[in-house]
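The values are calculated or read from the model by the stated rules, or taken from the named source; none is laboratory data. The structure presented is a predicted model; accordingly, all values stated were derived computationally and were not measured. Neighbour counts run over all protein chains shown; Cβ positions are idealised from the backbone, glycine included.
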Amino acid sequence: MKTRGIVFALIALIAAPLLFAGVAEARQAMYNNLMRSGIYPALYGTKFETFRCLWCHVEDQAGPRNPYGQDMEDYFITNNTWDETAAAIAIEPLDSDGDGYTNIEELNAATWPGFADDNPGSSMCTDLDNDGFAIEGGTCGPVDCNDNIQSINPAASEICDDNIDNDCDGTVDCQDNECTNDAACIVCTDSDSDSYAVEGYSCGPVDCNDNDLSVNPGAVEHCSDTLDNDCDGLIDCSDADCNGDVACAPACIPEASQEKGKKCKDGIDNDCDDVIDADDPDCGGDTGDTGGIEGKGGTCSDGIDNDGDNLVDCADPDCSRSKACK
């Protein structure tokens, strides 16, 4: 007899978890069947999806049935069926929790038909974690998708690498638009293996040509290859890095030698000696000898001090015999 008792005890220990698992699966199946039936569209996105066991039980971890759950069970027993949808429809006219509202009125308002203190006429907003957001939605505001953790609510910022929907928008981590430029969600593309990527942000300075190893933000600008080698938006001689480079030196021509003094009035250091116009010895310097002549041809009416003596056209004695000055 003692041996038989031990055997029965072992069987009970093995069977108990399977029994509880079966009950849990049955509850989950009941919830899924009711929600998939589509007969209560007002419940989508509300506390009925977050705390599903409270539909029929006094606690979210199941346990004893609440009055609505008891009416469901009574229907199953009376009609010898496990048709959740038929049972829910059959008890819609009842007021299971005795709060003055029928079960269908409560379900259409997304209030618990098994708890008298939660009904369409109440302002019950459940905020267990005191973060200012409730699980009911509707008049209680945006739905808190996790009312047990204060940092999770519709006003929170999404943390991009914790596998949690922190802001209750239905997207997690890198699927959330808030994480588009977050370091955890950016893949750095470096096709030419020069240690610079095209994405920027946490990947560092942008590689403006990821197909050319010699072009990147760390490269030296080459001043005559028509490329933006260092990715600063400037090419060749337009880049300050090319100042003084032989490829970018100005074309130097003698000051005032071929154009009879005109270059001595253009404000340009044409011969690259750091001296401009009348200050340049080529333009006469202190002597006024520019290599030009005033008084011949049209030089007395061209508005130019051709000979660098600070006298222009008819003011220059050299033009005294010119017809333009008579």
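Figures for the structure shown
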item: The lone exception for Ser193 - which of (1) more than 30 Å from Pro217 (Cβ to Cβ); (2) outside any helix (DSSP H, G or I); (3) out of contact with any Phe, Trp or Tyr (no Cβ under 6 Å at 6 or more places or on another chain) it fails; result: (1)
item: Evaluation of Ile149 against (1) among the hydrophobic types (A, V, I, L, M, F, W, C); (2) surrounded by fewer than 17 Cβ atoms within 10 Å (Cβ to Cβ); (3) within 12 Å of the chain's Cα centre (by Cα) (one fails), failing number; result: (3)
item: Entirely in region 57-108, the helices (runs of 4 or more DSSP H) that have 3 or more residues that are within 19 Å of Ala42 (Cβ to Cβ); result: 84-90, 103-108
item: Test: residue in region 170-189 that is over 17 Å from the mean Cα position of the chain (by Cα), part of a loop (DSSP other than H, G, I, E, B) and surrounded by 14 or more Cβ atoms within 10 Å (Cβ to Cβ); result: no
item: Subset of region 43-99 (residues that are among the basic types (Lys, Arg) and free of Cβ contacts under 8 Å to residues at least 60 places away in the same chain); result: Arg52, Arg65
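Yes/no per residue for (1) at pLDDT below 85; (2) closer than 23 Å to Asp127 by Cα:
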| position | (1), (2) |
| --- | --- |
| Leu18 | yes, no |
| Val23 | yes, no |
| Met35 | yes, no |
| Tyr40 | no, no |
| Phe51 | yes, yes |
| Trp55 | no, yes |
| Tyr75 | no, no |
| Asn80 | no, no |
